[in-house]
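The values are calculated or read from the model by the stated rules, or taken from the named source; none is laboratory data. If you're wondering where the values come from, they're calculated on a predicted model, not measured in any experiment. The protein model used for the area step is the full one, side chains on, heavy atoms only, and it has no ligands, DNA or RNA in it. Shrake-Rupley method; radii C 1.70, N 1.55, O 1.52, S 1.80 Å.
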Amino acid sequence: MVATGSAVTTVSNSLVRLVGGGVASALASAILSSDTSTGAEVPTVHAYPVSFTGAAVSVGLAALCAGCFGWMNKRTAAPAGKE
C-alpha cells in the first residue's frame, strides 16, 4: 500500500503539533517555576507576562519560518502542466 501525499501531510502535521505542544508546555512551566518566590506555591505576577511574551516571540518566529519556506517552495515548484 502506497501512502498518498495527503496522508503524509496529515501525519507530519500531527507530529509537529504534538512535539510543539510538548515543548511549549515544558518551556512555559520552566519560565513560571523559575520566577516563584522562595516558599511560595504560585509564580509571581511578573512571570506571566514573561511567559506570554516568550510564546508570542515563538509564534512570530514560527510564522516567519513558515512564510519563508512557503516562499522558497513556491519559487522552485514546476509550472502547472510541466510536471
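Using only Cα coordinates, the Kirkwood hydrodynamic radius of segment 1-59 works out to 13.7 Å. Rounded to the nearest 10 square angstrom, Thr44 shows an accessible area of 40 square angstrom against a 1.4 Å probe. Evaluating 6.51 cos²θ - 1.76 cosθ + 1.60 at θ = phi - 60° for every residue in segment 40-49, the Karplus couplings come out as 8, 9, 10, x, 6, 5, 5, 5, 5, x Hz, glycine and proline recorded as x.
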